[in-house]
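Any read-out appearing in this document is the output of simple, stated calculations on the displayed coordinates, not a laboratory observation. Predicted model only: the values in this text are computed from it and were never measured. Cβ placement follows ideal geometry from the backbone for every residue including glycine, while neighbour counts extend to all protein chains displayed.
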Amino acid sequence: MNAARKEFALTVEDLSVSFDGFKAVDGVNLYVERDELRVIIGPNGAGKTTLLDLICGKTKASQGTIKFKERELTKMAEYEVVRSGVGRKFQTPSIYENLTVYENLEVSFPRGRSVFGCLAFKRTPDVTERVNAIAETINLQDHLQREAGALSHGQKQWLEIGMLLMQEPELLMLDEPVAGMSVKEREQTAELLQRICKGRSVIVIEHDMQFVKNIAHRVTVLHQGKVLCEGSIDKVQSDPKVIEVYLGH
Ligand code: ADP
Ligand code: MG
């Protein structure tokens, strides 16, 4: 891929992090476009989650650069990375079980910078409009008044995606979003992801190769902290190195 010729939303170069001398991420380059849905695969311990931790500012890089919309993220605090338009979903959903779906989305609306902004909460038309639009995107438009704790596992995952969407991130990163989902929920999640990658970049870590096939625009294979292979799903699936370290198992 010729990085110099293209405008990328996210440009990661020579990114590394060591934990007690062990390089969990080792000289990674990653270029993701707007409207792109990139899937990262690779064996356990390959550094996939750590790579997302680095991009969202949860872990500090030992070396390298992360440029997002021309801004350097490696020097930012985690909250500044969020504010610059990066949303991250972790493996376990962090929703408010005792609030309704509506309220979960509502409290996720970005609300200025002070705590008082949150307390002086008003149900303004722009909030209501966005909650309704996002509820539709995440297939929960008929569940707005239900308590989030009563949702199915898959619906909880969608709600958390919706909570991130409330902040209108331009880069959304999801770590194994369909783990534990039914076949039907996986299909619906694939459709959901195709909808939400419009106008932004989405990075998904995933193991389920059928699901990867359904959603990926491009695939990056990580192995021992390094990019082993990158390209279309067909290219990656037929690469002997990828079959040896990952797909063959
Ligand atoms: P993956 O998500 O691909 O399964 P991870 O990114 O979670 O892999 O982990 C990559 C490697 O880095 C693993 O060997 C893991 O044990 C190690 N690792 C991750 N985070 C830390 C940490 N905070 N401290 C020490 N080692 C870590
Ligand atoms: Mg992981």
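Quick notes
- Over the chain, Cα pairs under 8 Å with separation of 6+ residues give a relative contact order of 27 percent.
- Cα-based Rg and Dmax for the range 13-64, where Dmax is the largest Cα-Cα distance (Å): 11.3, 37
- Compared with the alpha-carbon gap, the fully stretched path from residue 243 to residue 182 is longer by 19.3 nm at 0.36 nm per residue.
- Database remark: amide H of residue 172 closer than 5 angstrom to the amide H of 87, 201, 202, 203 (H placed geometrically; neighbours at sequence offset of 5 or more, or on other chains; Pro and chain starts carry no H).
- DSSP-assigned coil residues among GluC sites (Glu not before Pro) in the range 7-56, each with at most 16 further Cβ atoms within 10 Å: 7, 33
- If the segment from residue 111 to residue 124 were pulled out straight at 0.36 nm per residue, it would be longer than the present Cα-Cα gap by 3.5 nm.
- Net length gained if the chain between residue 141 and residue 96 were fully extended (0.36 nm per residue, minus Cα distance): 14.4 nm
- For the chain, DSSP calls about 55 percent of its internal beta bridges antiparallel.
- Unit charges at the beta carbon, dipole of the chain: most positive-side option, 138, 73, 217: 73
- Once the Cα atoms are used to define both axes, helix 125-137 deviates from the longest principal axis of the chain by about 50 degrees.
- Helix 183-196 vs. the chain, principal-axis angle (Cα, 0 to 90°, nearest 10): 90
- Residue 18 versus residue 217: modelled label distance in nm, points set 7 Å from Cα along the beta carbon direction: 3.6
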